[in-house]
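Okay, so here's the structure we're looking at.
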Amino acid sequence: MKILKWAAVLLLVVLPLAEISGRFIVLRTDAYQTLANFVKTSSEIRERVGDRPSLRLHFFGYSVRVSGPGGSAEFSASVEGSNGSGELYAKLVKRGDWQIESVSLNGQQIQTATIKRSFLGSGQSEDFHQK
């Protein structure tokens, strides 16, 4: 009976809290912001789902790893626009700046380009450090 109580605590408390806190952190990463910017500006994505595409991560649909100037990220999300929706899968790599390695929407590859994220239009790259 004790095992069932701990299993219930794990399923009803720990996993949802882990998802909420993980999502909160991931949505603020430069990797996610790079992908969100790409989704909003990609003419190919807008052709498929319509104007103003929005990105919604799947439950535990993310993995971000950073080590110094390098790293990798993977995202699984739904994209919804004015004319429809689709399932998106993306891989990014960090070589100083985050670069989109591949994006697919409903299993079809999307043309990508390297996007350098800037802070609020200030022109400062993500590696800018104030002294």
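The values are calculated or read from the model by the stated rules, or taken from the named source; none is laboratory data. Everything numeric in this text was worked out from a predicted model, so none of it was measured. Virtual Cβ from ideal backbone geometry, glycine too; neighbours counted across all protein chains shown. Ligands, DNA and RNA are stripped out before the accessible areas are found, and what is left, the full protein with its side chains, is counted by its heavy atoms. Shrake-Rupley method; radii C 1.70, N 1.55, O 1.52, S 1.80 Å.
Taking the listed residues Arg52, Arg28, Arg56, the one that is part of a loop (DSSP other than H, G, I, E, B) and either closer than 25 Å to Gly107 by Cβ or acidic (Asp, Glu) (or both) is Arg52, with no other qualifying. Every listed requirement among (1) open to solvent by 40 Å² or more (accessible area, probe 1.4 Å); (2) under 15 Å from the mean Cα position of the chain (by Cα) is met by Leu57 save one, (1). For the range 72-93, the candidate set comprises residues that are open to solvent by 30 Å² or more (accessible area, probe 1.4 Å) and of a type outside the set (Asp, Glu); within that set, the residue that is nearest to the chain's Cα centre (by Cα) is Ser76.
State which residue is modelled with the highest pLDDT when the search covers only the range 102-113 and only residues that are outside any strand (DSSP E or B) and either among the acidic types (Asp, Glu) or surrounded by 12 or more Cβ atoms within 10 Å (Cβ to Cβ) (or both).
Among those that are outside any strand (DSSP E or B) and either among the acidic types (Asp, Glu) or surrounded by 12 or more Cβ atoms within 10 Å (Cβ to Cβ) (or both), it is Asn106.
Collect the residues in the range 62-102 that are of a type in the set (A, V, I, L, M) and in contact with a strand residue (DSSP E or B) (Cβ under 6 Å, 6 or more places away or on another chain), keeping them in residue-number order. Val64, Ala73, Ala77, Val79, Leu88, Ala90, Leu92, Val93, Ile100, listed by residue number. Entry remark, the range 1-31: residues being surrounded by 11 or more Cβ atoms within 10 Å (Cβ to Cβ) and within 30 Å of Trp98 (Cα to Cα) number 12 in total.
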